[in-house]
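Worksheet: the structure to be examined is printed underneath.
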Amino acid sequence: MAPSNPSSSPRIAITIPCYQEEKTIGQVVTDFKAQLPDAAIYVFDNNCTDRTAEFARAAGATVIREKKQGKGYVVATLFEVVDADIIVMIDGDGTYDATAVHRLLAPVLAGDADMVVAARLEQYTDKSFRKFHVAGNQMVCGIINKIFGANISDIFSGYRAFTRECAQAIPITSRGFDVETELTVQSLYRGMVIKEIEAPYGERPAGSFSKLRTLPDGMRVLLRLFLLLRAYKPLSLFGTLFIVLFLVAVGTGIMPFTELVLHRYVASRASAIVSIASGMLAFMSLSLGLVLSSVNQRFLELERVVVKRFKR
């Protein structure tokens, strides 16, 4: 989708979710003001107790407070309150390269993408990521790419550009750092075009600390992914479960079936029970996937009709 104001220069907003980023926020705002002098810059203060808001204002940003704790709440709010043709979202930790914003915006300005993501997995230092973060990123990307037929390489990037239509179409339900997963899945579900650019990703400066917790946030991302797939790709999820359960039913049922045919007596009763139960659950899963997929399709059609009428 192209920007909604083609007759003049599109209005660009830089939005920066922040929690305790007093060490870096001033420089981040200054860097983006240098790259995009005409862009509006908004810093979202997510209950910071340090001087993040003070330094952001001093650097020339508009500060908006989000009292509900969590990046998901911040993203939902910025999509609601920021009025711009293109929204750029970036973390306030100083790890992203402001000069890459021009390449980030290019596909959106050309009308070739609804969302552009700055992928970080090609240009980073040894201290940019915590242990297991790259592997976890690649695992989640692999699942999503397989199910949606996409080619995403960095699903957790916090450096993104959105068209106004894209931002308005995504209902954010995440609370925390799993919001990037939701942004990607929601966009793919609605058939939006996502493109990636490569951008350098640096390490945090001295005195700055990451709010990510590897295990809790990793589990939250996996749970969010499961819930999103259940809601938006139910046939893929329950179809996979059907295949697994059906194979279990066949595998555990070979011995009891052989005994029944040869001896007309089943000695492996436990295997027979597991096989029957797995078979029943398999077909229940398939039925559930088909029903939910049909309902899901109807809701998607209804959403598109409503959106078309709203635009008139």
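Bear in mind that the values in this text are calculations on the coordinates, not laboratory data. Computed from a predicted model, the values in this text were never measured in an experiment. Note that we place each Cβ from the backbone using ideal geometry, even for glycine, and neighbour counts take in every protein chain shown.
Descriptive notes on the structure:
- Structure note, pairs LYS68/LYS195; LYS71/LYS195; LYS195/LYS233; LYS23/LYS67; LYS67/LYS233: Cα-Cα distances above 25 angstrom occur for LYS68/LYS195; LYS67/LYS233.
- Largest GNM mean-square fluctuation among SER187, SER157, SER278, using the chain with Cα springs under 10 Å: SER278.
- Fraction of beta bridges assigned by DSSP in the chain that are antiparallel (%, nearest 5): 30
- For region 12-231, the Stokes-Einstein estimate of translational diffusion at 25 °C and a viscosity of 0.890 mPa s comes to 142 µm²/s, using the Kirkwood hydrodynamic radius over alpha-carbon pairs.
- GLN297/ALA40 FRET efficiency (R0 30 Å; Cβ-Cβ; nearest 0.05): 0.20
- Rounded, prolate or oblate (a/c below 1.5 giving rounded, otherwise prolate when a/b exceeds b/c) for region 142-270 by Cα gyration tensor: prolate
- Highest GNM mean-square fluctuation among LEU104, LEU36, LEU262, for the chain modelled with Cα contacts below 10 Å: LEU262.
- Computed P(r) (all Cα pairs; region 234-311; 5 Å bins; percent): 3, 17, 16, 13, 11, 9, 9, 6, 5, 4, 3, 2, 2, 1, 0
- One decimal place: the segment GLU54-ILE276 gains 73.4 nm when fully extended, by the rule 0.36 nm per residue minus the C-alpha distance.
- Ratio of Rg to Rh over region 52-109 (Cα coordinates, Kirkwood Rh, two decimals): 0.97
- In degrees, nearest ten, helix 234-263 long axis to first principal axis of the chain (Cα): 20
- Ordered by the count of other Cβ atoms within 10 Å of each Cβ, fewest first, SER275, SER153 give SER153, SER275.
- Its Cα centre serving as origin, the chain has a Cβ charge dipole (Lys and Arg +1, Asp and Glu -1) of approximately 960 debye.
- Angle between the chain longest axis and helix 214-232 axis [Cα atoms, degrees, rounded to 10]: 70
- Length-normalised contact order for region 136-261 - Cα pairs under 8 Å, 6+ apart - percent: 22
- Seen against the Cα atoms of the chain and their longest principal axis, helix 133-148 is set at about 70 degrees.
- Ascending count of other beta-carbon atoms within 10 Å, so fewest first, for MET192, MET219, MET139: MET219, MET139, MET192
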